[in-house]
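Participant: Handing you a structure now.
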Amino acid sequence: MFHSPFHNIMISTMPVIIIIFFIIITGVILISIAKGVKEHFRNNSMEETTIPARIITKRTHVWGGHGDTSASTSYYVTFEDEWGNRMEFSVRNSFFGMYAEGDKGMLTHQGTRFLHFERDRF
C-alpha cells in the first residue's frame with residue numbers, strides 16, 4: 001500500500017498536536033482555578049462594608065440545557081451607592097425573588113462577595 005509524504009507527516013505530528021492541545025486546555029483550567037482562589041483570599045482579607053444603596057437592575061444568565069440535560073441559572077443584582085458607583089453581585093435565587101428594582105436599603109459586602117441587603121422600612 002502506498003502512503004503519501006503528507007500522510008507520513010500527519011502521522012508523525014499528531015502526537016505533538018495532541019500534547020500541545022492538552023497543555024493549553026490544562027493551562028486554561030489551572031489559570032481559572034488560580035484566579036478564583038486569588039479572589040477568594042482577596043475577599044477574605046477585606047473588611048465587611050455596609051453602605052446605603054439601591055437596586056438598579058436584576059438579571060439572569062441561563063446556561064446548559066442541551067438535549068436531555070437540565071439548564072442552570074445564575075442570578076445577578078446591580079446596586080448603586082449614594083455616590084453613583086455601581087456594583088454587580090452574584091446572588092442566590094431566593095434573594096433574587098424577594099427584592100425588586102428600585103428597592104433601597106443597606107448593602108453589606110466583602111470585596112466582590114455579596115453578604116446581605118436590608119431593605120428600608122417605609
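The values are calculated or read from the model by the stated rules, or taken from the named source; none is laboratory data. Small disclaimer: the values here were computed from a predicted structure and weren't measured. As a convention, Cβ positions derive from the backbone with ideal geometry for all residues, glycine included, and neighbour counts pool all protein chains shown. Heads up: the accessible areas ignore ligands, DNA and RNA and are worked out on the full protein's heavy atoms, side chains in. Shrake-Rupley method; radii C 1.70, N 1.55, O 1.52, S 1.80 Å.
Participant: Based on Cβ point charges of +1 for Lys and Arg and -1 for Asp and Glu, what charge dipole magnitude is obtained for region 15-73 about its Cα centre, in debye rounded to the nearest 20?
Facilitator: 200 debye
Participant: Could you give the spread of the C-alpha atoms of region 6-95 along their three principal axes, from largest to smallest, in whole angstroms?
Facilitator: Dimensions of region 6-95 along the principal axes of its Cα atoms: 68, 37, 21 Å.
Participant: Charges at C-beta only: +1 for Lys and Arg, -1 for Asp and Glu. How large is the resulting dipole of region 54-122 about its Cα centre, in Debye rounded to 20?
Facilitator: Charge dipole, region 54-122, about its Cα centre: 80 debye, nearest 20.
Participant: Another one. How much accessible surface area, in Å² rounded to 10, belongs to the heavy atoms of Glu80 with a 1.4 Å probe?
Facilitator: 30 Å²
Participant: Moving on to the next point. From the helices alone, meaning DSSP H stretches of at least four residues, give me the mean residue ellipticity at 222 nm for the chain, per-run term -39500 (n - 2.57), in deg cm²/dmol to the nearest 500.
Facilitator: -13500 deg cm²/dmol
Participant: Please state the relative contact order of the chain as a whole percent: Cα pairs under 8 Å, 6+ residues apart?
Facilitator: Dividing the mean separation by the residue count of the chain yields 24 percent.
Participant: Given H placed on each backbone N at 1.01 Å, which residues far from Val91 in sequence or on other chains put an amide H within less than 5 Å of it?
Facilitator: Result for Val91 returns Tyr75, Tyr76, Val77.
Participant: What does a probe at Arg59 reach in region 68-101, counting residues whose amide N is under 18 Å from the point 7 Å along Cα→Cβ?
Facilitator: Counting only backbone N, you get 72-81, 85-93, 96-97, 100-101.
Participant: Here is a follow-up. Which value, in Å² rounded to 10, gives the accessible area of Ile18 with a 1.4 Å probe and all protein chains present?
Facilitator: Its heavy atoms expose roughly 100 Å² to the probe.
Participant: In nm, to one decimal, how far is the Arg113 label point from the Thr49 one, both placed 7 Å along Cα→Cβ?
Facilitator: Taking the two extended label points, one gets 1.6 nm.
Participant: Work out how much length Asp103 to Glu39 would gain on full extension: take 0.36 nm times their residue separation and subtract the Cα-Cα distance, in nm to one decimal. Could the numbers behind the result be given before it?
Facilitator: Values: separation 64, 0.36 × 64 = 23.04 nm, distance 2.82 nm.
Working it through step by step, the gained length comes to 20.2 nm.
Participant: Now, a different point. May I ask you to derive the FRET efficiency for Ser32 and Arg121 from their Cβ-Cβ distance with R0 = 41 Å, giving the value to the nearest 0.05?
Facilitator: Efficiency at R0 = 41 Å is approximately 0.45.
Participant: So, one more: From the protein chains alone at 1.4 Å, what is the descending order of accessible area for Asp68, Asp103, Asp120, largest first?
Facilitator: Sorted descending by solvent-accessible area, the residues read Asp68, Asp120, Asp103.
Participant: Additional query: Angle check, please: helix 5-45 long axis (alpha carbons) against the longest principal axis of the chain (alpha carbons), in degrees 0 to 90, nearest 10.
Facilitator: Computed tilt is about 20 degrees.
Participant: How big is the accessible area of Lys35 in square angstrom, nearest 10, if you roll a 1.4 angstrom probe over the protein chains?
Facilitator: Approximately 140 Å² for this residue.
Participant: To continue, here is another question. Does region 67-122 come out rounded, prolate or oblate, given a ≥ b ≥ c as the square roots of the eigenvalues of its C-alpha gyration tensor, rounded meaning a/c under 1.5 and, failing that, prolate meaning a/b above b/c?
Facilitator: The shape class here is prolate.
Participant: When Lys and Arg each count +1 and Asp and Glu each count -1, what net charge do the other residues less than 10 Å away from Ile51, Cβ to Cβ, add up to?
Facilitator: Neighbour charge sum, excluding Ile51 itself: -2.
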